[in-house]
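Where a number appears in this text, it was derived from the coordinates with a stated rule and is not lab data. Treat the numbers as computed from the prediction; the structure is a model and nothing was measured. Every residue, glycine among them, receives a Cβ derived from its backbone with ideal geometry; neighbour counts consider all protein chains shown.
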There are 2 protein chains.
Amino acid sequence: MSRRSGILEFAVLGLLRESPMHGYELRKRLNTSLGVFRAFSYGTLYPCLKALVANGWLIEETDSAPEGASAAALTGRRAKIVYRLTAAGKEHFEELLAHSGPDAWEDEHFGVRFAFFGQTSRDVRMRVLEGRRSRLEERLEKMRTSLARSRERLDDYTLELQRHGMESVEREVRWLNELIESERAGRDQRAPGPAAQHKNQSGDTGGLPRHRGGSRPDPSDDTTT
Amino acid sequence: MSRRSGILEFAVLGLLRESPMHGYELRKRLNTSLGVFRAFSYGTLYPCLKALVANGWLIEETDSAPEGASAAALTGRRAKIVYRLTAAGKEHFEELLAHSGPDAWEDEHFGVRFAFFGQTSRDVRMRVLEGRRSRLEERLEKMRTSLARSRERLDDYTLELQRHGMESVEREVRWLNELIESERAGRDQRAPGPAAQHKNQSGDTGGLPRHRGGSRPDPSDDTTT
DNA sequence: TGCTGATGTATCGATTCGATACATCCAGAC
DNA sequence: GTCTGGATGTATCGAATCGATACATCAGCA
């Protein structure tokens, strides 16, 4: 259960909180709804689901008898497992939501955390946003240093690569600034309550930092895996 | 030797073409000079180096006797292996450079390919740039579709995540457009020759697409691994 | 003197990927 | 009518990769 699967677990719990789902659908959601960030494979998802069930956070229901009442057991229907969040699972997810430790703003986690900001308390949101920002600023600093050190021996294309990379990070920081700003502005004004549906009021709230970048393996790509 | 190691091989060969290096330095370069894209671990790099040596594309030289002439073998000095490109290796790299197949514009490859554009022929550059662009446009299309399908049931933060993701990709496309533009403009005007040092002439050439996004595991992060 | 941190090579277990097998169902072509 | 392709759906396996760590040398510096 390394860095990665931690966030998978979080995402699965979060998605199932909304409604029970099949593994298949879960994977699709993971790779589209949750922002362009990461394509988890079945080889990762199914073991994760099993682990969550073993922990008592999920239960699996075989959705038998889709039509006729008796047809169910008769035909020896295919498995079709629907995963549902248990009370314990919900509680566990709530705990995870409340964490705002450093890894919440690492690349692998931030996008998913952000996707569930709707059910995250305002102060945790703030901490994560600010943590993310300082993380990126550190990164920028390092990029600047290393660029300064090596500028001379680099050719144009490499330089352009560097420049563009930095610009992207800078853009992301600006974004975070807007988001933080708008969180500050909205203070005590809007309840942090779960799943607020305030539908993009006036301007727009700001923006979210592109998680793993605007380019990833193409989550919506239905390469079976 | 899956998708990934293919590009590692390419990058290693390319870096060693410039000058021989230790594995350690190689890794550093991989994670900084080559743009913010990917942190390869030693567990991947060293096996890769061995494979390249086995193929005859590299030779390893133990850089003995750093100071005194005889001190070398005496103390049983530490290994310190310098990798150097062989003629065969150089030839192989040249071949790789000439390829412009679909995977050249996949996320994992594009950044590295771009970093070596200095020694890539103009038409290959064009093909890769255009391939990349259409790849991203496909992606955008899918994102739009999936967003349209699910817009209603998504909360603000999720929506914002989507929006930002798309915007990043759009930005990247614009970038590619500028790059393609400027490649077209410079046609027959500047020799495609290796490592052109035309130092960012007037405006700027355009930009390169952020490879794995403006945010990656932090290549310059000296977490030993 | 001894400490710390950069340089440097190397490996190992755990995780994750990518491909694939297999099965069901439906819609549209023929 | 039935056949075929594609979406849905569960599941596993070998290979690739990661992340951590061990180990060793050397420079600076307190």
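The table below lists the values:
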item: Neighbourhood charge, 10 Å Cβ-Cβ cut-off, centred on B:Arg125 and excluding it, Lys, Arg +1 and Asp, Glu -1; result: 0
item: B:Tyr46 paired with A:Glu130, simple spin-label distance in nm, labels 7 Å along Cα-to-beta-carbon; result: 4.2 nm
item: Approximate spin-label separation B:Ile59-B:Glu167, in nm, with each point projected 7 Å along Cα-to-Cβ; result: 5.5 nm
item: FRET efficiency, B:Asp123 to A:Asn177 (Cβ-Cβ, R0 51 Å, nearest 0.05); result: 0.75
item: Amide H contacts of A:His22 (H built 1.01 Å from N, under 5 Å, at least 5 apart or other chain); result: A:Tyr83
item: At R0 = 22 Å, FRET efficiency that the Cβ-Cβ distance of B:Lys28 and A:Arg153 yields, to 0.05; result: 0.95
item: Only Lys, Arg (+1) and Asp, Glu (-1) charged, at Cβ; the range A:111-185 dipole about Cα centre in debye; result: 300 debye
item: Separation between Cα centres of the range B:83-101 and the range B:165-183, rounded to whole Å; result: 29 Å
item: Derived scalar couplings ³J(HN,Hα) [the range B:125-130; Karplus, 6.51 cos²θ - 1.76 cosθ + 1.60; whole Hz; x for Gly, Pro]; result: 3, 4, 4, 5, 4, 5
item: Listed pairs B:Lys50/B:Lys90; A:Lys50/B:Lys142; A:Lys50/A:Lys80; A:Lys28/A:Lys80; A:Lys80/B:Lys142; A:Lys28/A:Lys90 exceeding 19 Å between Cα atoms; result: A:Lys50/B:Lys142; A:Lys80/B:Lys142; A:Lys28/A:Lys90
item: Contact order relative to length of the range A:111-185, as percent, for alpha carbon pairs under 8 angstrom and 6 or more apart; result: 50 percent
item: B:Ala88 versus B:Thr145: modelled label distance in nm, points set 7 Å from Cα along the beta carbon direction; result: 4.6 nm
item: Size of the range A:111-185 as Cα extents on the principal axes (Å, biggest first); result: 49, 20, 17
